[in-house]
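K.L.:
Can you read through this structure? Questions will come right after.
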Amino acid sequence: MLTLALAKGRLQETTLARLEQAGIVLPPEQPDSRRLVLNDVRGEYRFLLVKPGDVPIYVEHGIAQAGVCGRDVLLEQEPDVYEPLDLGFGCCRLVVAGFSDMPWREANHLSKLRVATKYPRITQRHFQARATPVEIIPLSGSVELAPVLGLADCIVDIVETGRTLAENGLAVLEDIAPVSARCIVNRAAFHLARHQVTRLLEQLAPPA
Ligand code: PRP
């Protein structure tokens, strides 16, 4: 039996739908179920439902042989895992966002740019590459509030529909990277369970 770590939240529903299309069906759950470990009806897979940022940890440590999470999480954590498959859903962009009239491009060498984000490492790398000194303000959610309330000059975050930015008076200032859901595989499992892993990747691959 293969164990897969799945990201709860925005990717969960689409991930379960892709599994179902592949014939990997979970038993119907009670609406109020809080179960975090589920088996498919054929008993071939075990699923761990975890926070998106924890998926690579379970896979890297071999607790799960494979997992599904966003590329944003992989860029942030740079885990030591294989990343063999772009699942083609959960598409969004990692961006720098803020007030569209913010003169940060001109001001950025005079004082440190204050950047609020859930992605401190991506942010550090991005601004380091352009030699812009930054003070990173780590937040765990609702990052758009930070520039609105004066906590930060701008944010680094994911944008999907753009609605959260627009409804808070913010705009995309710069693109950093495209993001989509990825299937990741534990390095040892990729070799030791090659047959099962290959079959899983074939099952989950997006339609051509
Ligand atoms: C993400 C992201 C933005 C929002 C973007 O947050 O951090 O806030 O979604 O989506 P949109 O462009 O479609 O509006 P999430 O919903 O994951 O919650 P969080 O703010 O609590 O992290």
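Each value in this text was obtained by applying a stated rule to the coordinates, not by laboratory testing. None of the values given here were measured: they were computed from a predicted structure. Every residue, glycine as well, gets a Cβ built from its backbone with ideal geometry; the counts of neighbours run over all protein chains shown.
K.L.:
Would you mind checking the radius of gyration and Dmax of the chain based on alpha-carbon positions, in Å?
P.N.:
19.2, 62
K.L.:
Would you list 126, 61 from fewest to most Cβ contacts within 10 Å?
P.N.:
61, 126
K.L.:
What residue among 63, 21, 161 has its Cα farthest toward the positive end of the dipole of the chain, where the charges are +1 on Lys, Arg and -1 on Asp, Glu, each on the Cβ?
P.N.:
Checking the options against the dipole of the chain, the answer is 63.
K.L.:
Calculate how steeply helix 194-204 sits against the longest principal axis of the alpha-carbon atoms of the chain, using the helix alpha-carbon long axis, and give the answer as 0 to 90 degrees to the nearest 10.
P.N.:
On a 0 to 90 degree scale, this one is about 60.
K.L.:
Suppose a student asked you for the relative contact order of the chain, using Cα pairs under 8 Å spaced at least 6 residues apart; what percent would you report?
P.N.:
On the way: 404 pairs, mean separation 57.2, N = 208.
Computed over the chain, the figure is 27 percent.
K.L.:
Looking at segment 92-178, what % of its DSSP beta bridges pair antiparallel, to the nearest 5?
P.N.:
Bridges in segment 92-178 are about 60 percent antiparallel.
K.L.:
Of all DSSP beta bridges located in the chain, what percent are antiparallel, nearest 5?
P.N.:
Counting only bridges with both partners in the chain, antiparallel ones make up about 60 percent.
K.L.:
Ok, one more. Show the residues, 5+ positions off or on another chain, whose built amide H is closer than 5 Å to the amide H of residue 157.
P.N.:
Here 95, 97 satisfy the definition.
K.L.:
Which loop trypsin sites (Lys or Arg not before Pro) in segment 55-145, with loop taken from DSSP, have no more than 12 other Cβ atoms within 10 angstrom of their Cβ?
P.N.:
For trypsin sites (Lys or Arg not before Pro) across segment 55-145 that sit outside H, G, I, E and B with at most 12 neighbouring Cβ atoms in 10 Å, the list reads 130.
K.L.:
With each run of n ≥ 4 DSSP H residues scored as -39500 (n - 2.57), what mean residue ellipticity at 222 nm is computed for the chain after dividing by its residue count and rounding to the nearest 500 deg cm²/dmol?
P.N.:
-7500 deg cm²/dmol
K.L.:
Sequence-distant or interchain residues sharing an amide H contact under 5 Å with residue 134, placed H: which?
P.N.:
It is 113, by chain and number.
K.L.:
Taking only C-alpha pairs under 8 Å that are 6+ residues apart, what is the relative contact order of segment 92-178 in percent? Mind showing how you got there, number by number?
P.N.:
Values: 165 pairs, mean separation 42.3, N = 87.
Contact order relative to length: 49 percent.
K.L.:
Which value, in debye to the nearest 20, gives the size of the charge dipole of the chain about its Cα centre, when Lys and Arg are +1 and Asp and Glu are -1 at the Cβ?
P.N.:
400 debye
K.L.:
Sticking with this one: Normalise the Cα radius of gyration of segment 168-208 by 2.2 N^0.38 Å (N = residues in it) and let me know the number.
P.N.:
1.90
K.L.:
Can you compute the FRET efficiency between residue 35 and residue 199 using 1/(1 + (r/R0)^6), with r the Cβ-Cβ distance and R0 = 25 Å? Round to the nearest 0.05.
P.N.:
Between residue 35 and residue 199 the formula returns 0.50.
K.L.:
Rounded to the nearest 10 degrees, what's the angle between the helix 12-21 long axis and the longest principal axis of the chain, both from Cα atoms, 0 to 90?
P.N.:
Taking the Cα atoms of the chain, the angle to 12-21 is about 40 degrees.
K.L.:
Could you please report the charge total around residue 86, scoring K, R as +1 and D, E as -1 over all other residues with beta-carbon less than 14 angstrom from its beta-carbon?
P.N.:
Values: positive: 18, 71, 182; negative: 72, 83.
Result for the local shell: +1.
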